[in-house]
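First the structure, in the form of structure tokens, and then the observations on it.
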Amino acid sequence: DAELDNHLQRLEQTFIDREYPDKLVKDAIARARSTDRQQLLQRSPRANGNSAVNLTVAFNGSVPNISRILNRHYTILSQSDRMKEIFSQPPRVSYRRARNIQDRLANAKINKLPENNIGCHPCNASRCQICKSMQAANSAESTNSNYRVNINGDFNCNSSNVVYLLQCNECNAQYIGQTATSFRTRFNNHKSDVAKKPNLPVSRHFSKP
């Protein structure tokens, strides 16, 4: 009883703190105190003895009254002893919300990547020449400010529409770029630019003696 009183006092204070009416809260707590706990543990009989089978359909304003149609033709269904046993009365129609534009455009369920797939890593294709330059990592850190960014996704040499980081193995200088094409294509363009477009930032750095 002491434990029950403690819980009820905390529950009462919680509702009062949330600005529920004092009288409403106190009356509800009083009813809870006067209720036989053993009675609450017993299974209560169903208040509604209706055994009708539910027919759940998506709501559509242009659809005729389904309940009226089922009631009108229930006599046909009840001519079968088997169906009459299952449907002792006409099915009860209930409606669920139809899919809207948001449901069609946005998936409520987000597919979570396995932990071991998060980050960037080589694609390991047999003929890929970029893999040897791709560093496996799940974060990127600035060598100038120690600012760190977590890589939220699964990226490799074939990934497109990405922001990428190039880092010099000699001096740790870094270059950040973006590409709509695959990273492999963009990286090969950088390599080509070293010879053909020496005035570009990446080209100037790697052209140094």
Counting just the residues of the stretch 185-209 that are surrounded by 14 or more Cβ atoms within 10 Å (Cβ to Cβ) and basic (K, R), which one comes out modelled with the highest pLDDT? R186
Only unsatisfied item for S62, checking (1) farther than 30 Å from K84 by Cβ; (2) at pLDDT below 80; (3) not in a helix (DSSP H, G or I), is (2)
Might you let me know whether the stretch 127-135 holds any residue that is touching a Cys at 6+ places or on another chain (Cβ under 8 Å), closer than 30 Å to L200 by Cα, assigned to a loop (DSSP other than H, G, I, E, B) and aliphatic (A, V, I, L, M)? yes
Collect the residues in the stretch 136-157 that are in contact (Cβ under 8 Å) with a residue 12 or more places away in the chain and in a loop (DSSP other than H, G, I, E, B), keeping them in residue-number order. A136, N138, S142, T143, N144, I151, N152, G153, N156, C157
Residues of the stretch 84-107 being closer than 22 Å to P64 by Cβ and of a type in the set (A, V, I, L, M, F, W, C), which ones? F87, V93, A98
Find the residue count for the stretch 174-205, including only residues that are more than 38 Å from the chain's Cα centre (by Cα) and either under 20 Å from A140 (Cβ atoms) or hydroxyl-bearing (S, T, Y) (or both). 5
Quick check on this structure: which one of N50, N117, N54 is at pLDDT below 85, surrounded by fewer than 10 Cβ atoms within 10 Å (Cβ to Cβ) and not hydroxyl-bearing (S, T, Y)? N50
Consider V25 carefully, then state whether it is modelled with pLDDT of 80 or more and touching an Asp or Glu at 6+ places or on another chain (Cβ under 6 Å). yes
Going through S182, S159 one at a time, which residue ends up being surrounded by 14 or more Cβ atoms within 10 Å (Cβ to Cβ) and in contact with a Ser or Thr (Cβ under 6 Å, 6 or more places away or on another chain)? S182
Can you report the number of residues in the stretch 158-169 which are at pLDDT 90 or above, assigned to a loop (DSSP other than H, G, I, E, B) and more than 27 Å from the chain's Cα centre (by Cα)? 0
What number goes with the only condition from (1) surrounded by fewer than 15 Cβ atoms within 10 Å (Cβ to Cβ); (2) on the phi < 0 side of the Ramachandran plot that L166 does not pass? (1)
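The values are calculated or read from the model by the stated rules, or taken from the named source; none is laboratory data. As the structure is a computational prediction, the values presented were derived from the model and not from experiment. Positions of Cβ are backbone-derived with ideal geometry, glycine not excepted, and every protein chain shown enters the neighbour counts.
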